[in-house]
1. So D52 passes all but one of these: (1) modelled with pLDDT of 75 or more; (2) among the charged types (D, E, K, R); (3) under 36 Å from the mean Cα position of the chain (by Cα). Which condition number does it fail?
2. Six or more apart or on different chains, Cβ under 8 Å: which pairs go from a residue in region 37-64 that's within 30 Å of L239 (Cβ to Cβ) and among the basic types (K, R) to one that's modelled with pLDDT under 75 and surrounded by 20 or more Cβ atoms within 10 Å (Cβ to Cβ)? Could you list them?
3. Between a residue in region 116-140 that is assigned to a helix (DSSP H, G or I) and any residue that is at pLDDT below 80, which pairs come within a Cβ distance under 7 Å, given they are 6 or more apart or on different chains?
4. Quick one: would you say I197 is at pLDDT 85 or above and touching a helix residue (DSSP H, G or I) at 6+ places or on another chain (Cβ under 9 Å)?
5. Restricting attention to region 204-262, which residues are of a type in the set (D, E, K, R), surrounded by fewer than 18 Cβ atoms within 10 Å (Cβ to Cβ) and farther than 26 Å from V193 by Cβ?
6. Any chance you could count how many residues in region 87-104 are in contact with a helix residue (DSSP H, G or I) (Cβ under 8 Å, 6 or more places away or on another chain) and either assigned to a helix (DSSP H, G or I) or under 12 Å from Q63 (Cβ atoms) (or both)?
7. Scan region 319-341 and give yes if some residue there is part of a loop (DSSP other than H, G, I, E, B), hydroxyl-bearing (S, T, Y) and either in contact with a helix residue (DSSP H, G or I) (Cβ under 9 Å, 6 or more places away or on another chain) or touching a residue at least 60 places away in the same chain (Cβ under 8 Å) (or both), otherwise no.
8. Answer yes if at least one residue in region 190-201 is surrounded by fewer than 17 Cβ atoms within 10 Å (Cβ to Cβ), out of contact with any strand residue (DSSP E or B) (no Cβ under 7 Å at 6 or more places or on another chain) and in the same structural domain as L16 (by TED's automatic domain parsing), and no otherwise.
Amino acid sequence: MSERHKILDSARLFALIRKETLQMLRDPSTLLVAVILPIILLFMFAYAVNLDIKNLPIAVVRQSDSIKAQDLEARYSGTKFFVVHPLREMPRAKEEIIRGNIRGIVLIPANLDDRISNPSLGPLVEIIADGAQPNTARFVGNAAQFIAQSWLFENKNFGQIPNNPMIEMEPRYWFNAEIESRRALIPGAIAIVMTMIGTLLTAMVVAREWERGTMEAMMASPSSVIEILIGKLLPYFLLGLLGTIICTIVAVFMFHVPLRGSILGLLAVSSAFLIPALGQGLLISAATKNQFLAAQLALFSGFLPATLLSGFIYERSSMPLPLEIISYLIPSSYFVDCLRSLFLVGDVWAVFWPNIGYMLLIGAFFFWRAAASTTRTLDGK
């Protein structure tokens, strides 16, 4: 086979990689997108997205002056979950919740002492929550109820239970004992950031060459399509790995998220993910050949689905069936699972291998479509 018709020639491939690396290093915007932007986005995700509910303003309406009622009110004031506004009248509390100044109301009734000894008179407390924010409302209801029940059971002389043995429950939380949402969100945020960077970087850089006409010049050279694709994407693949490592360093040393897995596991799952991310950007650039349109499509097809459907914030199993099916076509869904296992559990290769396989399969599809689009565009096939 002649040099001109070789599918993969090492000398030509090395020359293309060298050319692309030098061009990448000369372009400050590329390094800005690949190195600085991930850190900025990670900080934004870490501080802006927080599912830990603390210091919620609620009103405690105490209609009884008994010692028990005062002690129960103090129990609500002493928790980190609520900031208590003590009130004595329900109309005032209802006005505050309508205005949005508080998220819930805990009513301590006037006959609290009688209800303790005779539960048939009514519940220990009455709880009203603002349903405009359903998740917060559920939390207010559950937390307020738990505090009242805990207070009741800790006071063994109340009610009809003093002679019964106390049942103590000690909850244990594996992998995230502190129940900090940041420890689950930041690994997912790394996946979202790298989705955006990998897809956006490739889409814009290659589209820029289409606009300038240099891509056509490269395709007219003796280099094959495979050589051009590998030579163009390999430097950005390495740059994407660098971005992932930088994000990991920030997560571990600045946000104190433990990395219980190994660097080998991190590089393996990150490498597998970058293939579909870069392939998607390449396909977008080959289809649009315009930087502005490529950037818009990269954000629309990469960032939004990764944020909403990957399991980063919302459980995929709780989504409607059509959306859950679509989520399995998104590479970041598998990357989020791998990163959370890597950070919180360790190297669980039984989890990694299937996810790596799915990411490589999706990446192969993107590269196949990108190569086919590029060939048809230049050769008219």
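1. The single condition D52 does not satisfy is (1).
2. Cβ pairs passing all conditions: none.
3. I116/F158; I116/G159; S117/G159; T136/I53; A137/G131; F139/I53
4. Details: at pLDDT 85 or above: no; touching a helix residue (DSSP H, G or I) at 6+ places or on another chain (Cβ under 9 Å): yes.
Answer is no for this residue.
5. E211, R212, E216
6. From region 87-104, those in contact with a helix residue (DSSP H, G or I) (Cβ under 8 Å, 6 or more places away or on another chain) are 87, 102-104; that's our starting set.
Next, from what is left, pick out any that are either assigned to a helix (DSSP H, G or I) or under 12 Å from Q63 (Cβ atoms) (or both): 87.
Adding up the residues that qualify gives 1.
7. So in region 319-341, the residues part of a loop (DSSP other than H, G, I, E, B) come out as 319-320, 328-330.
Filter once more, keeping what is hydroxyl-bearing (S, T, Y): 328.
Within this subset, residues satisfying the condition of being either in contact with a helix residue (DSSP H, G or I) (Cβ under 9 Å, 6 or more places away or on another chain) or touching a residue at least 60 places away in the same chain (Cβ under 8 Å) (or both) are 328.
So far as region 319-341 goes, yes, one or more of its residues are part of a loop (DSSP other than H, G, I, E, B), hydroxyl-bearing (S, T, Y) and either in contact with a helix residue (DSSP H, G or I) (Cβ under 9 Å, 6 or more places away or on another chain) or touching a residue at least 60 places away in the same chain (Cβ under 8 Å) (or both).
8. No, that holds for no residue.
The values are calculated or read from the model by the stated rules, or taken from the named source; none is laboratory data. Bear in mind that the values here come from a model prediction, so they are computed numbers and not experimental data. Please note: Cβ atoms are built from the backbone with ideal geometry, for glycine as well, and neighbour counts cover all protein chains shown.
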